[in-house]
């Protein structure tokens, strides 16, 4: 996957890609989450630059995966959750966690980043699908925030 990305993209994009790779690998591994991250840093030492952000995003997704999956399910129309590609689920979970838990990142940036990463790594239809779901999640998030004010 390393050769797919160019070196001039924003460092956070590379970090998000790393988080996606670690989360995807973790789904199929019986290893401890910290071991999965450790292997990623061993294979790609340069990724330690933004390790705080990577670890935060990685662990946020792991801790909130079931909750995020429920949100995804609530926005699927005429589609079964089990039919959503594994990689798309990872990107949707990442986007949802950024929208809800990372106030320093504008939600539109999070959505755009997940869409762009999907264009590189997932299916042709995935970027539009992810954009639609995350946009709906963001609108729902804004409505909930309004009610709190």
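The values are calculated or read from the model by the stated rules, or taken from the named source; none is laboratory data. Not measured: the values here are computed from a predicted model. Cβ placement follows ideal geometry from the backbone for every residue including glycine, while neighbour counts extend to all protein chains displayed.
Somewhere in region 52-67, is a residue out of contact with any strand residue (DSSP E or B) (no Cβ under 6 Å at 6 or more places or on another chain), at pLDDT below 95 and within 17 Å of residue 121 (Cα to Cα)? No, that holds for no residue. Among the residues of region 117-127, are any within 11 Å of the chain's Cα centre (by Cα), surrounded by 19 or more Cβ atoms within 10 Å (Cβ to Cβ) and touching a residue at least 60 places away in the same chain (Cβ under 8 Å)? Yes, some residue in region 117-127 is within 11 Å of the chain's Cα centre (by Cα), surrounded by 19 or more Cβ atoms within 10 Å (Cβ to Cβ) and touching a residue at least 60 places away in the same chain (Cβ under 8 Å).
In a residue-by-residue description of region 62-73, the property of being in contact (Cβ under 8 Å) with a residue 24 or more places away in the chain, closer than 16 Å to residue 113 by Cα, assigned to a helix (DSSP H, G or I) and under 12 Å from the mean Cα position of the chain (by Cα) applies to no position. Here residue 23 fits the description: part of a helix (DSSP H, G or I) and either within 23 Å of residue 115 (Cα to Cα) or in contact with a helix residue (DSSP H, G or I) (Cβ under 6 Å, 6 or more places away or on another chain) (or both). Is there a residue in region 78-89 that is exposed (fewer than 15 other Cβ atoms within 10 Å of the Cβ), farther than 14 Å from residue 20 by Cα, over 15 Å from the mean Cα position of the chain (by Cα) and touching a residue at least 12 places away in the same chain (Cβ under 8 Å)? Yes, the conditions are met somewhere in region 78-89.
Among the residues of region 32-50, some residue qualifies, meaning at least one is at pLDDT below 90, surrounded by 15 or more Cβ atoms within 10 Å (Cβ to Cβ), part of a helix (DSSP H, G or I) and within 16 Å of the chain's Cα centre (by Cα). When residue 80 is tested against (1) at pLDDT below 95; (2) under 18 Å from residue 129 (Cβ atoms); (3) in contact with a helix residue (DSSP H, G or I) (Cβ under 6 Å, 6 or more places away or on another chain), only condition (3) is not met.
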